[in-house]
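The values are calculated or read from the model by the stated rules, or taken from the named source; none is laboratory data. The structure displayed is predicted, hence computed values, not measured ones. Cβ placement follows ideal geometry from the backbone for every residue including glycine, while neighbour counts extend to all protein chains displayed. Note: accessible area is taken over every heavy atom of the protein model, side chains too, but ligands, DNA and RNA are not part of it. Shrake-Rupley method; radii C 1.70, N 1.55, O 1.52, S 1.80 Å.
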Amino acid sequence: KAAYDIKSGISSLSDGAVAQFTRLAAITAGATKSTTSQMTSFFATGFGIYSKQFYKFGETTIKGWNKLSQEEKDIKFGEYFSAGIGTAVQMFKTDGTKMQNAIETLGAAATTSNVPLSEQLAILGQMQKSFASGSEAATAYKGFLTGAVQAQEKLGLEFLDSNNQLKSAPLILEELRSKYGETLDDMEKAEIKKAFGTEEGMKFIT
């Protein structure tokens with residue numbers, strides 16, 4: 001059933017890659033207090049969001065990448081995705097189900113802004129210490145991302161790099177800290193909230 005779900009979710013995978021994804025999803029489920037069915041769904045969603053980003057990452061990072069077959073490249077994605085989820089769950093004391101809810105709620109919002117998967121997992125893992133659920137954490141992160149470009153103009157700060165891409169979240173928070181200091185009073189919170197345009201963006205910053 002798990003293999004069928006993987007193949008249904010990622011029709012482009014070869015039979016060999018489907019077998020490896022199924023195995024990896026089952027192992028990841030056991031390691032993150034999730035279920036195999038939840039992880040197969042998560043792997044299919046993750047592949048849809050992150051595969052293109054991963055292939056670019058592979059070209060510059062994984063030795064011998066250009067000599068790999070498509071099946072081998074797809075399997076590498078599964079291995080790295082499994083390792084990323086497992087590491088985030090261990091580091092931030094969360095679980096696979098909460099990470100799945102967070103990533104599926106966030107969708108491609110961060111990936112389209114060229115935020116690496118590693119940074120997304122770290123941010124969502126860290127935020128789950130303060131939010132009741134993974135989906136709530138992701139909604140706040142999404143509000144922050146969607147409001148950042150308009151906010152920089154209103155606040156007179158630089159949230160974009162030389163390529164007009166959003167800087168990493170830690171760098172943006174550092175920009176805000178340089179202007180407002182370590183703590184925010186109510187007037188400052190109101191100013192930042194207005195600049196970002198949403199309550200969710202302000203929740204992320206807080």
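Side notes on the structure shown:
- Percent carbon-and-sulfur accessible area, the chain, ignoring ligands, DNA and RNA, probe 1.4 Å: 52
- Counting Lys and Arg as +1 and Asp and Glu as -1 over every other residue whose Cβ lies under 12 Å from the Cβ of Lys52, the net charge comes to +1.
- Note on the chain: with a GNM built from Cα contacts shorter than 10 Å, the maximum mean-square fluctuation among Gly96, Gly30, Gly181 falls on Gly181.
- Distance distribution P(r), the stretch 69-206, all Cα-Cα pairs, bin width 10 angstrom from 0: 12, 40, 32, 13, 3, 0 percent.
- Rolling a 1.4 Å probe over the protein heavy atoms gives the stretch 1-65 an accessible area of 53 Å² per residue.
- Note on Met91/Ser178: beta-carbon distance plugged into 1/(1 + (r/R0)^6) with R0 of 30 Å gives a FRET efficiency of 0.65.
- Using heavy atoms of the protein chains and a probe of 1.4 Å, the accessible area assigned to Thr146 is about 100 Å².
- Using a probe of 1.4 angstrom and keeping all protein chains present, the accessible surface of the stretch 141-206 works out to 58 square angstrom per residue.
- Heavy-atom accessible area ranking, 1.4 Å probe, most first, across Lys154, Lys67, Lys167, Lys52: Lys67, Lys52, Lys154, Lys167
- Around Phe43: net Lys/Arg minus Asp/Glu count, Cβ-Cβ under 12 Å: -2
- Centre separation in Å (Cα based) which lies between the stretch 1-52 and the stretch 109-184: 29
- With a Förster radius of 41 Å applied to the beta-carbon distance between Asp185 and Ser113, the computed FRET efficiency rounds to 0.90.
- Relative contact order %, the stretch 109-206, counting alpha carbon pairs below 8 Å whose residues are six or more apart: 35
- Radius of gyration and Dmax over the Cα atoms of the stretch 161-206, both given in Å: 11.2, 34
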